[in-house]
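Contents: one structure, followed by commentary.
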């Protein structure tokens, strides 16, 4: 009993007044981590197992072959790793699609990485804080220990989100840069006698070397059209999946051309010329922003040295003169 009563005193002496409370919190977190695999484990459904063991009809052979494939390991944690609301789940899937992750379990994988990184950084921060407290002469306060643990946890949680957002921005920028060239190539293919579907396939093949993100989107459009999906809905899905205003305007142009029966070549010719003008305007906009950005650098790195060179000798002379006057008095 003396050993148990001496533990709170030792914790208070080492970590301050919040030492016992902090130890209880760490113990509770450890118990939660140990209990998570047991809680999240899916219970066996005996009726479903019996149903799966029953012989299937001939039309279900393909379904049986799919069932024998590798099972998604995150399927059992779907209720924990996926948003429960339909709107949030759709928004998360759209974000992952815009980032270039087309797998069906991309949302689960994203949240799983978030959870694992947060827990890992939290444990590493706690270990670092405890080691620092044991090696230093003064005990570490509870606020510093919480800072060492919560700050890495927040960094580990938001790091995947930051990476995905950066990937979305990079991918959209690549699509914007390569879209005018893709339209020119598509116009050439259509005027050469190819259909719109064939021209999309050719553009996806030719643009893969320079703009792989744009090539992936065109390949997906071609595959969906081959699968029998309506071209209008495929193009609208492309505009929503990419999230670029230029692509949305292009899709609107093609849909209106198909609705009113106008020539696709004429629509592509007008829209490709508009895209080239937009690209020139973007380049001019960046060029016009350059002097404004250089002004700050000029003020920081040119004006202070110039002032030191011009005013420095005068200030030094005044200081020397004032020193001599003070010594004479």
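Observations on the structure shown:
- Test result for residue 278, modelled with pLDDT of 85 or more and in a helix (DSSP H, G or I): yes
- Among (1) surrounded by 10 or more Cβ atoms within 10 Å (Cβ to Cβ); (2) at pLDDT 85 or above - the single one residue 307 does not satisfy: (2)
- Residues being free of Cβ contacts under 8 Å to residues at least 40 places away in the same chain and surrounded by 14 or more Cβ atoms within 10 Å (Cβ to Cβ) - total across the stretch 178-196: 7
- Some residue of the stretch 243-255 being part of a helix (DSSP H, G or I), over 29 Å from the mean Cα position of the chain (by Cα), surrounded by fewer than 19 Cβ atoms within 10 Å (Cβ to Cβ) and at pLDDT below 85: no
- Filter result for residue 228 (exposed (fewer than 10 other Cβ atoms within 10 Å of the Cβ) and either modelled with pLDDT of 85 or more or not in a helix (DSSP H, G or I) (or both)): yes
- Residue that is farthest from residue 90 (Cα to Cα) [pool: residues in the stretch 129-154 that are in contact with a helix residue (DSSP H, G or I) (Cβ under 6 Å, 6 or more places away or on another chain) and touching a residue at least 24 places away in the same chain (Cβ under 8 Å)]: 139
- So residue 214, is it closer than 22 Å to residue 263 by Cβ and buried (at least 17 other Cβ atoms within 10 Å of the Cβ): no
- Residue count for the stretch 213-222, restricted to those that are under 20 Å from residue 275 (Cα atoms) and either part of a loop (DSSP other than H, G, I, E, B) or in contact (Cβ under 8 Å) with a residue 24 or more places away in the chain (or both): 4
The values are calculated or read from the model by the stated rules, or taken from the named source; none is laboratory data. Since we're looking at a predicted model, the values are computed, not measured. Please note: Cβ atoms are built from the backbone with ideal geometry, for glycine as well, and neighbour counts cover all protein chains shown.
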